[in-house]
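A short worksheet on the structure shown next.
Values quoted throughout were computed directly from the atomic coordinates according to the rules given, and no laboratory measurement underlies them. Predicted, not measured: the structure shown is a model, and the values here were computed from it. Counting neighbours? That spans all protein chains shown, and the Cβs are built from the backbone with ideal geometry, glycine included.
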Amino acid sequence: MASTFVVEHSSSVALDQQAILPSGSSDIESCNFYGVYLLFCTTPQFIGDTYVGFTVNPGRRIKQHNRGVGSGGAYATNRKGSWEMVLVVHGFPNDKSALRFEWSWQHPKKSRRLAHVPARRYKKETKFEYALRVLSVMLSVAPWKRLSLTLQWLIPKYIKDLPLAPPPHMPVIHAGIGLPTYSR
């Protein structure tokens, strides 16, 4: 297990959105927040499924996923029940950069920057562990290793050390952002 630079918040209880906003901003949509998130399915028949997406408002986005495609959720998460937003990578300079990061995380086999990542999961490696392994590689290759990104864990029970430690200038934060819990 790789060691990581960790900034822990004094409470493991979910915080309000101020936890991820730049100082002086009061609304997540008024600042230039661009995040790429990892969802974890909690429905028993699909437990362990993961989904990677892009958002400018994590609270609204998880609500959309849990309400289904008709409410703006992704087709891939539709009809699979409840999802939890496990982590958000944020600090991208613009939406284009975040969307490229999202695409590469969703398609590591097709990404030029991740050609050295094994195309398949290891034996006994869960989808969640594979997603974290791909993320850890992404944070250590150009162009993402040069960005001032923040990896923010949102739910304490899912926190794991990344296989490769992120660069020293990328903090790993253990603090929620006040995401509401929804079920269908």
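Can we say Ser148 is at negative phi, out of contact with any Asp or Glu (no Cβ under 6 Å at 6 or more places or on another chain), polar (S, T, N, Q) and surrounded by fewer than 20 Cβ atoms within 10 Å (Cβ to Cβ)? The answer is yes for Ser148. Confirm whether Lys127 is closer than 18 Å to Gly53 by Cβ, of a type outside the set (Phe, Trp, Tyr) and in contact (Cβ under 8 Å) with a residue 40 or more places away in the chain. In short, yes.
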